[in-house]
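Structure record follows, encoded as structure tokens.
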């Protein structure tokens, strides 16, 4: 009996030693794989695009003309800009590209244009503009704006006159305007304001009948800085707030948010849908965040640009998975959704005589239409300059 017990003990000890050896080998294998994966990730993180500056549109005057918003029309042909100059300028993208082609004699020259000759036409507005958005289903004819006086206005671009006005935010600045793309409420619009509310309204009604008012933050002084409906047609509307959070609401039941995205350390200035399952947010904590809509989980954080207090723009190119934003150090940043560091950075070259070294890139917009191997990013500066960048995918 003693010998049998001794044999059992010996076999048990041997088995434990073998298991420990196997565990050690497994840990070493996993560690090696981890470093191999890191090396592969570093290799893949290289920029797959060649970007170059195509056109610069600036002004010969020294008047302040900071651009706060840039929006491409549904077809990608018309480009609208707005800012503190109290004008909606409409450009034809084909004209900007043609000017660049004429200037390029084969040496990669950049077209230098003046706003007065570059835009197709402009519409004067009664106040400084903070937001522009093309109204779906209007054939590119109607554009909505939010201004510093707390008024939402729609303009008919063919007649170049206002056709709708809504003043329900108590005179507090409207930061953002958007329209629903969901069939269940395709005529609804929303605006976010310094009054701490997001209001949904019906633009078909005279004065815009209020459908619902949402106050995301318990703090009444917490501004709503951005609203965006799901552009893929779902019932979700996203809201970015000064309380450092972004919220998602189901438009069928707005009493409580269905998503609370908590991760920024300062004001959430922008929210953008990248696809039907992910969103990107921007904050004055100097980072962008990618969120999984299904579980409100932060997937990735993007850092590199400078953003401590200003609105510097955020746009996503959905077809290519690229993120664009401005920076308070007067640079344009492009991130690939797969990696947290920028893949391309370009500084705004001075275009005027005063204050250029203290300027910043204040707005960006990707052109959503086009080929998968070519993209266009338009950026605007606090000095009023508009710069067009074209990217082409590098050969594999």
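The values are calculated or read from the model by the stated rules, or taken from the named source; none is laboratory data. Being a predicted model, the structure only gives us computed values, none of them experimental. So basically every Cβ, Gly included, is an ideal-geometry build from the backbone, and we count neighbours across all protein chains shown.
Laid out as a table, the results:
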item: In region 291-307, the residues that are more than 17 Å from residue 327 (Cβ to Cβ) and surrounded by fewer than 21 Cβ atoms within 10 Å (Cβ to Cβ); result: 292, 294, 295, 296, 297, 298, 299, 300
item: Residue satisfying condition, being at pLDDT 95 or above and within 18 Å of residue 272 (Cα to Cα), within set 191, 180; result: 191
item: Pick from region 294-311, criterion in contact with a strand residue (DSSP E or B) (Cβ under 6 Å, 6 or more places away or on another chain) and in a loop (DSSP other than H, G, I, E, B), ranking: farthest from residue 68 (Cα to Cα); result: 296
item: Answer from 154, 165 - the residue that is in contact with a strand residue (DSSP E or B) (Cβ under 8 Å, 6 or more places away or on another chain), surrounded by fewer than 18 Cβ atoms within 10 Å (Cβ to Cβ) and either at pLDDT below 95 or not in a loop (DSSP other than H, G, I, E, B) (or both); result: 165
item: Identity of the residue in region 120-145, on the phi < 0 side of the Ramachandran plot, free of Cβ contacts under 8 Å to residues at least 60 places away in the same chain and not in a strand (DSSP E or B), that ends up surrounded by the most Cβ atoms within 10 Å (Cβ to Cβ); result: 125
item: Enumeration of residues in region 358-379 that are assigned to a strand (DSSP E or B), more than 14 Å from the chain's Cα centre (by Cα) and buried (at least 17 other Cβ atoms within 10 Å of the Cβ); result: 375, 376
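One line per residue, one yes/no per condition, for (1) in a helix (DSSP H, G or I); (2) touching a helix residue (DSSP H, G or I) at 6+ places or on another chain (Cβ under 6 Å); (3) modelled with pLDDT under 90; (4) closer than 21 Å to residue 358 by Cα:
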position	(1), (2), (3), (4)
85	no, no, no, yes
90	no, no, no, no
102	yes, no, yes, no
109	no, yes, yes, no
